[in-house]
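Since the structure comes first, as structure tokens, the remarks are kept for the end.
The values are calculated or read from the model by the stated rules, or taken from the named source; none is laboratory data. Since the model is a prediction, treat every value here as computed from it, not as a measurement. Cβ: placed from backbone, ideal geometry, glycine included. Neighbour counts: every protein chain shown. Accessible surface is based on the protein model in full, side chains and every heavy atom, while ligands, DNA and RNA are left aside. Shrake-Rupley method; radii C 1.70, N 1.55, O 1.52, S 1.80 Å.
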Amino acid sequence: MRALRPRHAQAATQRRTTLGKLTFGMMTSLDGYINDAEGKFDWGQISEEVHRFAEKEQANTGTTIYGRRMFETMAVWDTLAEDPSVSQAERDFAVIWQNTDKIVVSRSLPEVKTARTRLVRELSAGDIGKLKAESAKDINVAGPTLAASYLQQGLIDEISIYYIPVVVGGGTPMFQNIGATVRLKRLDERAFENGVTFVRYAVRKSG
């Protein structure tokens, strides 16, 4: 007769079945660029409705992984929570951003000063696996260069895209030098009043 496992062992098994996913999400133009040829994003359409939705998405993230450029772009959120000149939605998002653990992967950045942030020189597939095993929430990779590497290695589980109804004709693409076909399955989508459409996809694993 097979012995029953102790309750704490059963609980541990249950926790292991709900490991954090590695996700990649960004806002892009309809032709797939996260900024235009001049490096600008002033064509972005981020209404309060979109902000509030993104706030909930961020709240589901336990850790965000940044490359240097994306981190330097996003670091402004570390100081906006108490800024009366920005909207309440922006201040609320800033609080959640501050309370999210952040890992910056950079060989050139000397230090990081934002809340709950650590700097590493590399983050391997083994490191990602450990993060997933230890996290009850999702892990998000922010930035196309890092994401391309993790997609190549088959590490990313979900991709989320906010499609902005504009064609910019060039710039920094969301998907860079992946070198293989990545097949996706649509999980859900949402259309916002300002024309932005959010779509979440699962990455179909090979084999």
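Kindly list the number of the only condition in (1) open to solvent by 50 Å² or more (accessible area, probe 1.4 Å); (2) among the polar types (S, T, N, Q); (3) in contact with a strand residue (DSSP E or B) (Cβ under 7 Å, 6 or more places away or on another chain) that fails for residue 135.
Answer for residue 135: the failing condition is (1).
What number of residues within the range 97-114 are open to solvent by less than 40 Å² (accessible area, probe 1.4 Å) and not β-branched (Val, Ile, Thr)?
4
Report yes if residue 72 is open to solvent by 40 Å² or more (accessible area, probe 1.4 Å) and not in a strand (DSSP E or B), otherwise no.
Taking the combined requirement at face value, the residue satisfies it.
Let's see how each residue does on (1) open to solvent by 40 Å² or more (accessible area, probe 1.4 Å); (2) small (Gly, Ala, Ser); (3) farther than 30 Å from residue 152 by Cα:
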| residue | (1), (2), (3) |
| --- | --- |
| 40 | yes, no, no |
| 45 | yes, no, yes |
| 62 | no, yes, no |
| 84 | yes, no, yes |
| 95 | yes, no, yes |
| 116 | yes, no, no |
| 127 | yes, no, no |
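Out of everything in the range 156-195 that is of a type in the set (Ser, Thr, Tyr) and open to solvent by 40 Å² or more (accessible area, probe 1.4 Å), what residue ends up being farthest from residue 143 (Cα to Cα)?
Top of the filtered list is 181.
Taking the condition of being over 11 Å from residue 173 (Cα atoms) and among the β-branched types (Val, Ile, Thr), how many residues in the range 17-49 meet it?
Residues flagged as over 11 Å from residue 173 (Cα atoms) and among the β-branched types (Val, Ile, Thr) within the range 17-49 amount to 4.
Residues that are charged (D, E, K, R), within 18 Å of the chain's Cα centre (by Cα) and at pLDDT 95 or above: list the strands (runs of 3 or more DSSP E) wholly contained in the range 124-207 that include at least 2 such residues.
In the range 124-207, the matching strands (runs of 3 or more DSSP E) lie at 184-191.
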